[in-house]
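Structure first, then comments.
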Amino acid sequence: MNEIDDELLQQAHYWMRLTRALDDRGTFLHKQSKIVGGYFSQIGHEALSVAAALSLGPKDIIAPMHRDLGAYLVRGLTPRRILAQWLGRETGVTRGRDANLHGMGDLSLGIIGFISHLPASTGVIAGVAHGIKLKGEPRVAMCFFGDGSASQGLAHEAMNWASVFKLPMVIICENNQYAYSTPLSRQMAIEHIAQRAAGYNMPGVIVDGNDFAAVYHVTKEAVERARSGGGPTFIECKTMRMRGHAIHDNMAYVPKELLAEWEARDPIARIESELRARGLLDDAKLAALLARIEAELDEAQAFAESSPYPDPATVTDGVYA
Amino acid sequence: MTWDQGLHKATTVLAGEQGTRELTYLEAIRAALRYEMQRDRRVLVMGEDIGVYGGAFKVTQGLIEEFGEDRVIDTPMTELAMIYAAIGMSFEGFLPVVEMQFADFISTGFDAIVQFAATNHFRWRQPVPITIRAPGGGGLRAGPFHSQSNEAWFVHTPGLKVVAPATPADAYGLLLSAIRDPNPVIYYETKYLYRSLKGMVPEGEALVPIGQAAVRRSGEELSIIAYGAMVQEALSAANELERAGHSIEVLDLRTLKPIDEAAILATARKTGKVLIVHEANRTCGVGAEVAAIIAEQAFEYLDGPITRLAAPDTPVPYSPPLEDAYRPNAAKILAAARELLAY
Ligand SMILES: Cc1ncc(C[n+]2csc(CCOP(=O)(O)OP(=O)(O)O)c2C)c(N)n1
Ligand SMILES: [Mg+2]
């Protein structure tokens with residue numbers, strides 16, 4: 001972890017802790033029936049989503065998915081706007097139109113909102129990267145998709161496109177062992193999704209997705225390669241979805257040992273042990289950080305809960321530009 | 001028994017099928033799948049998370065234990081390959097029933113349906129006897145991509161049949177018919193009714209023919225024509241109006257393609273006032289077709305404007321007040337019916 005300076009490590013720690021706390025807050029609000037419909041937890045994905053987002057520059061574009069809460073936060077979507085989105089309020093990112101993390105786009109922050117149909121954003125990000133290349137700008141476009149989404153034709157079509165046009169694009173593949181209830185063995189006949197990159201003549205990198213420093217290292221390298229004209233990179237982050245597919249799913253189909261194995265590799269525990277080793281964290285500092293985050297989320301929740309619902313009379317607003 | 005023997009053996013009508021039972025809408029779908037799989041080895045089901053997990057809504061729960069993983073196939077996450085594979089399996093003699101996790105995701109398999117399956121018999125006279133189950137509709141706070149009623153995409157496409165059961169008995173009987181039909185059938189099941197609607201469902205060969213609407217309630221003054229989740233809403237509006245002294249007919253379309261023109265014209269001619277209700281967006285929805293049929297063939301019987309009550313032309317919004325404003329319901333039907341009655 002030596003190449004990551006203390007400041008970056010502490011920053012990442014804050015984002016990862018904020019991500020988890022906001023995620024827990026969402027689960028809690030769903031249990032209270034304040035969030036209606038579904039709820040997707042991302043527990044386990046904190047290191048990879050935060051690291052990938054931190055490896056980008058301010059003018060780069062990112063297309064995160066339903067488990068990349070950390071990436072949205074790092075890019076500047078505030079807990080206020082996210083909580084208001086979850087609560088279906090007018091002040092939410094989609095003004096009550098879309099649910100969960102879906103559709104949380106804001107180009108002023110370089111974020112593209114996704115649709116449920118996975119991995120649609122991968123195709124879109126290829127287009128963004130293509131546009132960047134046509135304009136000759138030193139910018140990069142990054143997308144995310146999961147092990148299940150990798151089975152969709154579009155994942156392959158977009159990888160091929162990116163490679164044919166040698167686009168400034170980075171693909172983060174979140175291999176969290178499951179797509180809903182479907183295990184990897186039913187999704188693919190290869191061991192590593194990154195093996196597919198060779199078929200498109202782009203570098204395919206495998207990384208421990210629960211290790212912040214490792215993910216940061218490879219994404220940073222891929223981002224720099226893309227920025228300097230070296231074309232796209234495919235990065236497979238090995239991780240684990242630590243909750244059910246969505247809140248209704250008790251994931252009885254996941255072997256307990258597998259969960260225990262990944263529990264021991266918890267991304268937050270790992271970054272915290274590194275911080276402690278560097279003398280940057282102790283119990284008191286951690287308690288203070290967590291208290292600060294809870295206060296931030298309390299304030300954001302109060303904002304969201306006091307925000308109005310959208311006016312039903314506006315239901316057709318915004319269909320056209 | 002080898003596959004080959006199974007495939008060429010005449011299918012059997014199972015014994016002990018008399019009687020009825022009370023089932024939820026969801027259980028009726030499962031009962032139909034089981035019945036068809038028991039009586040015909042050619043029938044198999046495919047989809048994402050439908051086997052071990054029993055399906056996102058648990059419609060297929062227990063089927064993998066009963067029929068094994070060759071006939072209850074958990075697929076990789078790809079609607080396109082799934083539907084194309086179903087077409088191919090049908091050429092090998094199978095009768096695949098494909099589950100879309102949500103009707104919304106059917107768009108990812110669009111080519112396979114509207115280009116290949118729909119045109120096949122027209123082009124080279126090879127039937128494509130596949131069934132695609134599409135759990136559709138809103139009211140569940142599920143947002144724009146888990147709430148769609150996109151049936152009109154397929155009603156517009158020659159070569160497809162589209163059904164939309166509104167009761168447990170029809171959910172059962174139309175699925176039997178869909179599976180046995182030699183054409184590609186899109187079967188729109190209503191998530192909203194899965195567990196909220198119960199009804200008596202006959203056992204055994206209780207097929208509901210594709211192409212026949214049903215008069216759910218007979219009346220003289222006004223006809224409400226609906227399908228899917230809106231039939232229950234129409235019935236409760238009609239009951240309310242009856243208490244106010246009005247006589248309302250409710251026609252449940254049941255099949256959207258081929259649509260039952262005779263039943264539509266009969267009710268229009270009988271009451272002279274028609275309110276068409278659907279959950280799908282208004283423009284070029286099924287209601288537009290129904291209205292056109294009536295305008296063309298029953299114009300002289302009308303005592304008021306053919307009226308449509310549908311969702312506005314927007315995606316399905318998530319936030320409860322917006323979705324409530326978006327989705328038709330009994331109260332909105334009541335208001336529209338009153339206005340038409342007063343015309
Ligand atoms: C085209 C499409 N089909 C089906 C779904 C329903 N669905 C939502 S998430 C999901 C599993 C996704 O798995 P993966 O890509 O591995 O992402 P994860 O949820 O594991 O992070 C499925 C099947 C969908 N969103 N899109
Ligand atoms: Mg996954």
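The values are calculated or read from the model by the stated rules, or taken from the named source; none is laboratory data. In this text, all values refer to a predicted model and were calculated from it rather than measured experimentally. We place every Cβ from the backbone using ideal geometry, glycine too, and count neighbours over all the protein chains shown. All accessible areas refer to the heavy atoms of the entire protein, side chains included, with ligands and DNA or RNA removed. Shrake-Rupley method; radii C 1.70, N 1.55, O 1.52, S 1.80 Å.
Classify segment A:6-307 as rounded, prolate or oblate from the Cα gyration tensor: take a ≥ b ≥ c as the square roots of its eigenvalues, call it rounded if a/c is under 1.5, otherwise prolate when a/b beats b/c and oblate if not. Since a/c stays below 1.5, the shape of segment A:6-307 is classed as rounded.
What does the charge dipole of chain B about its Cα centre add up to, to the nearest 20 debye, if the Cβ of each Lys and Arg holds +1 and the Cβ of each Asp and Glu holds -1? Don't skip to the end; give the middle numbers.
Working: 31 positive and 42 negative charges, 49 e Å.
It comes to approximately 240 debye.
Listed by chain and number, the lysines whose C-alpha is less than 17 Å from the C-alpha of B:LYS257, apart from same-chain residues fewer than 8 away, are B:LYS161. Taking amide H atoms as placed 1.01 Å from N in the peptide plane, the amide H of B:ILE276 lies under 5 Å from those of B:ILE225, B:THR307, B:ARG308, B:LEU309, each 5 or more residues away in sequence or on another chain.
Tell me which of A:GLY136, A:GLY103, A:SER151 sits at the most positive position along the dipole axis of segment A:85-173, charges placed on C-beta atoms (Lys, Arg +1; Asp, Glu -1). Positive-most Cα among the choices belongs to A:GLY136. What angle, in degrees between 0 and 90 and rounded to the nearest 10, separates the Cα long axis of helix B:261-271 from the longest principal axis of the Cα atoms of chain B? It is inclined by approximately 20 degrees.
Here's how it looks for B:GLY211: its modeled amide H is under 5 Å from those of B:THR255, which are all 5 or more places away or on a different chain.
Within the same chain, aspartates and glutamates fewer than 8 places from A:LYS166 are excluded, and of the rest, those with a Cα less than 15 Å from its Cα are A:GLU137, A:GLU157, A:GLU224.
Dipole orientation for chain A: of the candidates A:MET188, A:ASN210, A:TRP15, A:MET188 has the Cα lying most toward the positive pole (charges on Cβ; Lys, Arg +1; Asp, Glu -1). Normalised by the number of residues in chain A, the mean separation of alpha-carbon contacts (under 8 Å, six or more apart) gives a relative contact order of 22 percent. Counting only Cβ charges, +1 for Lys and Arg and -1 for Asp and Glu, the dipole size of segment B:19-202 around its Cα centre is about 460 debye.
DSSP finds beta bridges in the protein assembly as shown, and of those with both partners inside it, around 20 percent are antiparallel. Considering only B:PHE102, B:PHE91, B:PHE154, the Gaussian network model of chain B with Cα springs below 10 Å gives its largest mean-square fluctuation to B:PHE91.
Accessible surface computed residue by residue for segment A:6-307, with neighbouring protein chains in place and a 1.4 Å probe, gives 36 Å² per residue.
Remark: accessible area buried at the B-A interface is about 2800 Å², both chains counted, probe radius 1.4 Å.
For segment A:91-125, a reduction of at least 50 Å² in accessible area between the chain on its own and the assembled protein chains (probe 1.4 Å) is found at A:ARG97, A:SER116, A:HIS117. Across segment A:44-49, rounded Karplus estimates of 3J(HN,Hα) from the backbone phi angles (6.51 cos²θ - 1.76 cosθ + 1.60, θ = phi - 60°) give x, 9, 4, 5, 6, 6 Hz, Gly and Pro being marked x. With an a/c value of 1.5 or above and a/b larger than b/c for the gyration tensor axes a ≥ b ≥ c computed over the alpha-carbon atoms, the protein assembly as shown is described as prolate.
The charge dipole of the protein assembly as shown, taken about its Cα centre with unit charges on the Cβ of Lys, Arg, Asp and Glu (plus for the first two, minus for the last two), comes to roughly 600 debye. Using a Gaussian network model of chain A whose springs link C-alpha atoms within less than 10 Å, name the residue from A:ALA284, A:ALA179, A:ALA52 with the highest mean-square fluctuation. Between A:ALA284, A:ALA179, A:ALA52, it is A:ALA284 that shows the largest mean-square fluctuation. Going by accessible surface with a 1.4 Å probe and the largest first, A:LYS220, A:LYS59 read A:LYS59, A:LYS220. Tell me, what is the percent relative contact order of segment A:198-252, built from C-alpha pairs under 8 Å that lie six or more residues apart? Relative contact order, segment A:198-252: 39 percent. Working note: Karplus 6.51/-1.76/1.60 with θ = phi - 60° gives segment A:180-197 the couplings 6, 9, 7, x, 3, 5, 9, 9, 7, 9, 10, 7, 10, 5, 4, 4, 5, 4 Hz, where Gly and Pro are set to x. Phi angles of segment A:207-218 translate, via the Karplus equation with coefficients 6.51, -1.76, 1.60 and θ = phi - 60°, into HN-Hα couplings of 9, 6, x, 9, 10, 3, 4, 5, 5, 4, 4, 6 Hz per residue; Gly and Pro are given as x. Rounded if a/c is under 1.5, else prolate if a/b beats b/c, else oblate: with a ≥ b ≥ c from the C-alpha gyration tensor eigenvalues square-rooted, which is segment B:19-202? The shape class here is rounded. Taking 0.36 nm per residue of separation and subtracting the Cα-Cα distance, full extension of the segment from A:SER33 to A:SER228 would add 65.4 nm.
Between their Cα atoms, which of B:LYS191/B:LYS332; B:LYS58/B:LYS198; A:LYS59/A:LYS220; B:LYS191/B:LYS273 are more than 25 Å away from each other?
Exceeds cut-off: B:LYS191/B:LYS273.
Proximity of backbone amide H atoms, modeled 1.01 Å from N, is registered between B:ILE186 and B:ILE132, B:LYS161, B:VAL162, B:VAL163 at under 5 Å, excluding neighbours fewer than 5 places apart on the same chain.
Extending 7 Å from the Cα toward the beta-carbon at both A:GLU296 and A:ALA277 defines two label points whose distance is 2.5 nm.
A dipole drawn for segment B:128-213 from +1 and -1 charges on Cβ atoms has a positive end, and of B:SER196, B:VAL208, B:PRO165 the residue lying farthest that way is B:SER196. Solvent-accessible surface of chain B, taken per residue with a 1.4 Å probe and all protein chains present: 37 Å². A cut-off under 12 angstrom between Cβ atoms defines the neighbours of A:GLN11, and their net charge, with Lys, Arg +1 and Asp, Glu -1, is -2. Considering only A:ASP211, A:ASP311, A:ASP249, the mean-square fluctuation computed in a Gaussian network model of chain A, springs between alpha carbons under 10 angstrom, is largest for A:ASP311.
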